[in-house]
Amino acid sequence: MTSETKIVDARGSYCPGPLMELIKGIRQEPVGTVFEVWSSDRGSAKDIPEWVKRAGHELLSNVEEDGIYKVQVKKVK
Amino acid sequence: MTRIVLLGGGVGGSMVANQLARQLKAEVLHGDVEITVINQTPDHVYQPYFLYMAFDQAVPADARRDERQVLHSQVRLVVGEADRVDRDASAVIMQDGTKIPYDFLVIATGSRPAPEQIPGLTEGGHIFYTEEGALKLRDALQNFQGGRILVTVSVPHKCPVAPLEFSMMVRDWLNQRGMESAEVLYTYPIGRLHSLEPVAEWAARVFPERNIQSQVFFNVESVDPENHTVTSLEGDTVSYDLLVAIPPHVGQTVIQRSGLGDAGGWIPTDRYSLEMVGADNIYVLGDATNLPISKAGSTAHFEADVVSANLINRIRGGKGSARYDGKVFCFIEAGADEATYIKFDYQHPPKPQPPSSMIHLYKLAFNKMYWLSAAGIL
Ligand SMILES: Cc1cc2nc3c(=O)[nH]c(=O)nc-3n(C[C@H](O)[C@H](O)[C@H](O)COP(=O)(O)OP(=O)(O)OC[C@H]3O[C@@H](n4cnc5c(N)ncnc54)[C@H](O)[C@@H]3O)c2cc1C
């Protein structure tokens, strides 16, 4: 993880939820920013990569640690 | 004397001020505590009415009260725009240069739609998230001759259920005017129809029954007002006859001028204590926080209970340890004179409730009872 990584702490977020929190971050921050989304919802491990692919950003990693799903994404455009 | 300053006299700021004034009555009367609300306008605006204004079911006067009347008589009200918060001086600096010093600051400045962030949206789209926008949309609906009404949702935005409610209500509105053949196309940024799963499942069931079209994974990138098309960042282009957009929202400029917000103007806030990160004499509530929870009046309401409890406790020598559990409660208008509701917190996911006409009546009643809630009574 680089020091530039922006943590998006979306644990316990049902609305807007982890993916919407990531989209918010991607809208706000410059190209090149790396985000690490923290989610307590198993669905995020699937939802987030699916959107990242459609939107043309880059999935860096997708892991689970102690029940928290951590997904790293780079904004590339 | 302890000076408590509330920046923003909307839902959150007014509720905290009134709860403090009631419960610290003795301290205020003795001159030990002073409570000051700073609000840009002399009015208090109940924003949920904007949705009804678009359908000519409410007018601006229904949504407005004099903020002085909403506030407890022991609360001081300063009307004017705050220029910035000066943390070194522990004061709010007004645009006319007046300094309002604080011992505790509560920030409840809300959020604002920022259509200017999407090229072409201001020219090509309608929004009902402001009074002015709702009235323009009302006129456009009155003149609508048929075709496609396209609803788009950008992130982040306040009141997460309003886009869905609008779509249901506009379908009814069209049908009642003999425009069954007009299309309502609802789009949403993620892979289902709403971020709340039970709401998404319910919408997926009733949309086809009610003749509402939908498209998911649709994040608006730009609008072409001449050709009447919207292009998404996922690469799809859709045409419209009337575009009703929920623009992305940002925090208020006063937050940015004060250097308190992130890139979107949202204030980093502790999700439990509601203290601004790195400041133990500043609390933040309502839309202004960076928390991953719904930007809704009900959120501000539950947070107000925690902020007031902590301030009262600290003024009386306590540590201010009450915690916000992430609670949110929302009514959802389902069209056809029915409504439902949903509640959840950081630990408990939402559970679906079947819509009923009774909940709809309760929501209509709540619109009138809101003023008691803002007064800190309900
Ligand atoms: C169409 C619509 C429908 C909605 N429906 C619902 C609903 O059904 N249920 C629900 O729970 N929520 C609903 N909401 C959302 C709800 O209105 C907001 O989430 C809520 O008002 C947020 O409260 P707040 O205290 O954070 O901010 P606000 O109530 O927006 O108050 C912010 C205050 O700060 C003041 N301010 C800002 N900047 C300055 C400054 N520089 N100087 C001085 N004063 C300043 C403003 O004048 C304002 O009075 C709806 C919103 C809209 C637009």
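Taken together, the residues in the range A:15-24 that are among the hydrophobic types (A, V, I, L, M, F, W, C) and more than 7 Å from chain B (Cβ to nearest Cβ) amount to 1.
Tell me the strands (runs of 3 or more DSSP E) entirely within the range B:47-96 that contain at least 3 residues that are not acidic (Asp, Glu).
On the way: elements: B:64-66, B:76-79, B:82-86, B:91-94.
In the range B:47-96, the matching strands (runs of 3 or more DSSP E) lie at B:76-79, B:82-86, B:91-94.
Confirm whether B:Leu285 is within 12 Å of the ligand (Cβ to nearest atom), farther than 25 Å from B:Trp371 by Cβ and surrounded by 21 or more Cβ atoms within 10 Å (Cβ to Cβ). Even if it seems obvious, please write down each step before you answer.
On the way: within 12 Å of the ligand (Cβ to nearest atom): yes; farther than 25 Å from B:Trp371 by Cβ: no; surrounded by 21 or more Cβ atoms within 10 Å (Cβ to Cβ): yes.
No: the conditions fail for B:Leu285.
Suppose we filter B:Val284, B:Val220, B:Val306 for residues that are within 14 Å of chain A (Cβ to nearest Cβ), under 24 Å from B:Pro160 (Cα atoms) and within 22 Å of the chain's Cα centre (by Cα); which single one remains? Talk me through it step by step, then tell me what you get.
Working: B:Val284 fails: within 14 Å of chain A (Cβ to nearest Cβ); B:Val306 fails: within 14 Å of chain A (Cβ to nearest Cβ).
Result of the check over B:Val284, B:Val220, B:Val306: B:Val220.
B:Gly265 falls short on exactly one of the conditions (1) in a loop (DSSP other than H, G, I, E, B); (2) within 14 Å of another protein chain (Cβ to nearest Cβ); (3) surrounded by fewer than 22 Cβ atoms within 10 Å (Cβ to Cβ), and that condition is (3). Does any residue of the range B:24-40 turn out to be under 17 Å from the mean Cα position of the chain (by Cα), near the ligand (Cβ under 9 Å from one of its atoms) and either within 21 Å of B:Val306 (Cβ to Cβ) or modelled with pLDDT of 95 or more (or both)? Scanning the range B:24-40, I find at least one residue that is under 17 Å from the mean Cα position of the chain (by Cα), near the ligand (Cβ under 9 Å from one of its atoms) and either within 21 Å of B:Val306 (Cβ to Cβ) or modelled with pLDDT of 95 or more (or both), so the answer is yes. Kindly check whether there is at least one residue in the range B:231-238 that is of a type in the set (Gly, Ala, Ser), in contact with a Phe, Trp or Tyr (Cβ under 8 Å, 6 or more places away or on another chain) and not in a loop (DSSP other than H, G, I, E, B). Yes, the range B:231-238 contains a residue that is of a type in the set (Gly, Ala, Ser), in contact with a Phe, Trp or Tyr (Cβ under 8 Å, 6 or more places away or on another chain) and not in a loop (DSSP other than H, G, I, E, B).
Looking only at residues of the range B:1-23 that are within 7 Å of the ligand (Cβ to nearest atom) and among the aliphatic types (A, V, I, L, M), we find that the one that is nearest to B:Ser298 (Cα to Cα) is B:Val11.
Picking from B:Thr187, B:Thr152, B:Thr130, B:Thr122, which residue would you name as being out of contact with any Cys (no Cβ under 9 Å at 6 or more places or on another chain), without any contact (Cβ under 8 Å) to a residue 40 or more places away in the chain and over 16 Å from B:Ser294 (Cβ atoms)?
Working: B:Thr187 fails: without any contact (Cβ under 8 Å) to a residue 40 or more places away in the chain; B:Thr152 fails: without any contact (Cβ under 8 Å) to a residue 40 or more places away in the chain; B:Thr130 fails: without any contact (Cβ under 8 Å) to a residue 40 or more places away in the chain.
Sole residue among the options that is out of contact with any Cys (no Cβ under 9 Å at 6 or more places or on another chain), without any contact (Cβ under 8 Å) to a residue 40 or more places away in the chain and over 16 Å from B:Ser294 (Cβ atoms): B:Thr122.
Where residues in the range B:41-55 are touching a residue at least 60 places away in the same chain (Cβ under 8 Å) and within 6 Å of the ligand (Cβ to nearest atom), which of them is farthest from B:Arg316 (Cα to Cα)? Among residues in the range B:41-55 that are touching a residue at least 60 places away in the same chain (Cβ under 8 Å) and within 6 Å of the ligand (Cβ to nearest atom), the one farthest from B:Arg316 (Cα to Cα) is B:Leu51.
Does A:Gly12 satisfy being at positive phi, surrounded by 19 or more Cβ atoms within 10 Å (Cβ to Cβ) and either more than 9 Å from the chain's Cα centre (by Cα) or facing another protein chain (nearest Cβ under 10 Å) (or both)?
Values: at positive phi: yes; surrounded by 19 or more Cβ atoms within 10 Å (Cβ to Cβ): yes; either more than 9 Å from the chain's Cα centre (by Cα) or facing another protein chain (nearest Cβ under 10 Å) (or both): yes.
Yes.
Residue count for the range B:138-169, restricted to those that are in contact with an Asp or Glu (Cβ under 7 Å, 6 or more places away or on another chain), within 15 Å of the ligand (Cβ to nearest atom) and in a loop (DSSP other than H, G, I, E, B): 1. Just so you know, in the range B:65-115 the residues that are within 14 Å of chain A (Cβ to nearest Cβ) and touching a helix residue (DSSP H, G or I) at 6+ places or on another chain (Cβ under 6 Å) include one that is farthest from the ligand (Cβ to nearest atom), and it is B:Pro115.
The values are calculated or read from the model by the stated rules, or taken from the named source; none is laboratory data. These numbers were taken from a predicted model, which means no experiment stands behind them. Note that we place each Cβ from the backbone using ideal geometry, even for glycine, and neighbour counts take in every protein chain shown.
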